[in-house]
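Report on one structure; see the data block that follows.
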Amino acid sequence: MKNIDLSQKLDQILEILQTREAPKPLNFTEACTYLGVSKQTLYGLTSRNRIKHYKPAGKFLYFRKEDLDAFLLRNPIKTREEIQANAKGG
């Protein structure tokens, strides 16, 4: 696997983020970059149906940014203040 330096990776992420005006699904490689995970990791997530994805032709995988964001923001960890407020009933 070819290593990408940090500036190239940031350029790829910026390019993905700038496409928000015309939302289009991300292909597999773009989704890996957006999530910051390896191809092997994303394949594992899709094969176990842990992340929402689309296979319109039954072969290629596509992803919506909204679904990727939802995946990244799952399982929030409460702050101590939130835990204490919930314990006090407020």
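Things worth noting here:
- Residues being modelled with pLDDT of 80 or more and surrounded by 14 or more Cβ atoms within 10 Å (Cβ to Cβ) - total across segment 14-42: 11
- The residue that is surrounded by the fewest Cβ atoms within 10 Å (Cβ to Cβ), among those in segment 55-74 that are of a type in the set (Lys, Arg) and under 16 Å from residue 29 (Cβ atoms), is 59.
- Scan of segment 75-90 for residues that are exposed (fewer than 10 other Cβ atoms within 10 Å of the Cβ), within 30 Å of residue 51 (Cα to Cα) and of a type in the set (Lys, Arg), ordered by number: 80
- Here residue 56 clears all of (1) closer than 25 Å to residue 11 by Cα; (2) modelled with pLDDT under 95; (3) not β-branched (Val, Ile, Thr) except the condition numbered (1).
The values are calculated or read from the model by the stated rules, or taken from the named source; none is laboratory data. None of these values were measured; they are calculated from a predicted model. Note that we place each Cβ from the backbone using ideal geometry, even for glycine, and neighbour counts take in every protein chain shown.
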